[in-house]
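Every number in this text was worked out from the coordinates using simple rules, so none of it is lab data. All of these numbers come straight from a predicted model, not from anything done at the bench. Reconstructed Cβ throughout: ideal geometry from the backbone, glycine too, with neighbour counts over all protein chains shown.
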Ligand SMILES: [Zn+2]
């Protein structure tokens, strides 16, 4: 009744490892920064080190931030504001662009 439900940010808190770029293997997101956003896309609230490039986009009158792999430039997804994450943002990622890895 108050809009979107608050996601359980601790749901994946025990997960270990990182998600890497599916093309070049660059570490992109820590698995314990993933959360259930309920949008069908893998979602994170923080990226890994300097593995992700944030590129402002102004297309069709919309301002968005595109997320690119800092290693190979692959398009990863977009950054959106989010009320309920510690960083107030949500990294909405294409599942095909990341692969889980246990190597940190
Ligand atoms: Zn890459």
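A compact table of results
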{"quantity": "Cβ-based exposure ranking for 84, 63, 75, in which fewest neighbours within 10 Å come first", "calculated": "63, 75, 84"}
{"quantity": "Cα-based shape type of the range 18-101, given that a ≥ b ≥ c are square roots of the gyration tensor eigenvalues and the cut on a/c is 1.5", "calculated": "oblate"}
{"quantity": "Ranked list, fewest to most other Cβ atoms within 10 Å of each Cβ, for 29, 35, 41", "calculated": "41, 35, 29"}
{"quantity": "Cβ-based exposure ranking for 57, 28, 68, in which fewest neighbours within 10 Å come first", "calculated": "57, 68, 28"}
{"quantity": "Label-point separation in nm, residue 54 to residue 80, each point 7 Å along Cα→Cβ", "calculated": "1.7 nm"}
{"quantity": "Label-point gap, in nm, between residue 88 and residue 15 - each point 7 angstrom along Cα→Cβ", "calculated": "2.5 nm"}
